[in-house]
Each structure stands twice: as C-alpha cells, then as structure tokens.
Amino acid sequence: MNAPAQSLTNHLFHQMKIGDHASLSRHVGPEDIELFAAVSGDANPAHLDANFAAHGPFGHVVIHGMWTAALISAVLGTRLPGPGTIYLDQQVRFQKPVSPGDTVTAEVEVIELIEGKNRVRLATTARNQLGEVVLSGEALVLAPLEQLTWVPGNLPEAVILPKGRWQGFVEEARALPPVRAAVVHPCSKSAILGAVEVRDEGLLDPILIGPAAKIWKRRCKIRPR
C-alpha cells in the first residue's frame, strides 16, 4: 500500500529571501535506468549495455544525466517555490557520473529575487551519498501567483516488463497443435486482424462468432484454411 501523500505548500515571491533552500533525495537502481530509457526514448548503450559501457570512460553503466536533472525540477515544483512554479531556464553542468546504487540529493537555493517580474533565480546542485557534486547549475523560475496547499494523489506504480517476456510461452505453444477457440463479436478490424495473426502463427484455430454482416463489412480479407 502506498504511504499517504504529504501536503505541499508553495512559496510566493514576497515570502522568499536570499538563502532559502530545499532538497530531496532519491536512491537510483538499474530499474530507474530502464524506466527512464523507456519514457524518454534515450537508449544510449552507455546507460543500458554493461558490455558496451565497460569500454567507455567510466567502465560501467551510468545513469542518464537528465534523470539527475529531473530531480532539480522535482524540488522546484514541489518544495521551493513549490506547486505553481513555472520553469523558465536551466543551466546545468554534469560534473560526475551517477551509478546504480547511488543516492542523489538535489538541492535548490535562492540567489536572486527579480523585483517586478516575479522571477526567482536559484542555484541548483545534486550530490551523491559521498557528498560529491554530480550536477551544478542555475535555474530561473516564475514564482507561483497564488498561495495554495496541495495534496497530490498517489503516483502510479511503474513496472519494468522486458519485451521478450512472453516468448517462452509462445514457443511452447507453437510446438503444440493449434487450439480451436471462439472469438466473440469480432466486429472491428483490429479484432479480426488479431484472430488472423494468431491463426497464421499456428497458435489458435479461431472461430468467429457474431453478426456475419458486420464481420464481413470490415475491409480485412480472411484466408480460409
């Protein structure tokens, strides 16, 4: 069961002062690399392939740099200034690699309040569990315009499922005679194509059950066996 979400209270421009700071920490594991790659589409083998990374400058896989940068965004959007913050600019320098098993603490600190524009400049830093700076930079944000306290809902749980996870079952099924199975009301093109696909793979002998006129109305040719 997920722990109850904590309420988040933002900080308006006039409530902040130079030196105000906030932080959060996250432990990073191999699943975080895979999930970030899946979401972002960044399949750089330096992050995903241990054999490839072994010949790289670090000798092992490292976390995507933007995973670490995303923690800065999380602090800005949830801690300081908090909900309602609008990101305007981010300068970032990646100073050390982050490895699976590291714990990264991201911190922001107010360094400038730009009067009349409701803008705040913050130093942005991320450190590993040894206190080493892995990321540094500055962010420029538009402070929230309305005071609020917000209770976020529980985030969905992410599960990493390898692409070939069902292949073993498919191979076992291919070694057996096709099973006769009913496909009920296949009145969409995708439903009929699915029946054709499993038939052509030798997995099922599908029987289409439903209104014949609707089934045949789909522009999908089913080759009889």
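General observations
- Note on Ala182 and Thr103: the model spin-label points, each 7 Å out from Cα along the C-beta direction, lie 5.8 nm apart.
- For the range 124-225, the solvent-accessible area works out to 73 Å² per residue, with a probe of 1.4 Å and every protein chain left in place.
- When its C-alpha radius of gyration is set against 2.2 N^0.38 Å (N residues), the chain gives a value of 1.52.
- Only helices enter the 222 nm calculation for the chain: every DSSP H run of n ≥ 4 contributes -39,500 (n - 2.57), and dividing by all residues gives -7000 deg cm²/dmol, rounded to 500.
- Cα shape, the range 26-101, gyration tensor, a/c 1.5 rule: prolate
- Spatially close Lys pairs in the chain, defined by Cα atoms under 22 Å apart and a spacing of eight or more places or different chains, total 4.
- Residue with peak Gaussian network fluctuation, the chain [Cα springs, cutoff 10 Å], from His47, His27, His14: His14
- Mean-position separation - Cα centroids, the range 1-54 and the range 87-114, in angstrom: 10
- Sulfur and carbon atoms: percent of accessible area, the chain [1.4 Å]: 57
- Remark: spin-label model distance Glu171-Arg93 equals 5.1 nm, labels positioned 7 Å along the Cα→Cβ axis.
- Cα→Cβ-extended label distance, 7 Å offset, between His27 and Lys217, nm: 5.7
- Cα gyration tensor shape for the range 56-186, rounded if a/c is under 1.5, else prolate or oblate: oblate
The values are calculated or read from the model by the stated rules, or taken from the named source; none is laboratory data. Since we're looking at a predicted model, the values are computed, not measured. Neighbour counts run over all protein chains shown; Cβ positions are idealised from the backbone, glycine included. Only protein heavy atoms, including side chains, enter the accessible area calculation; ligands, DNA and RNA are left aside. Shrake-Rupley method; radii C 1.70, N 1.55, O 1.52, S 1.80 Å.
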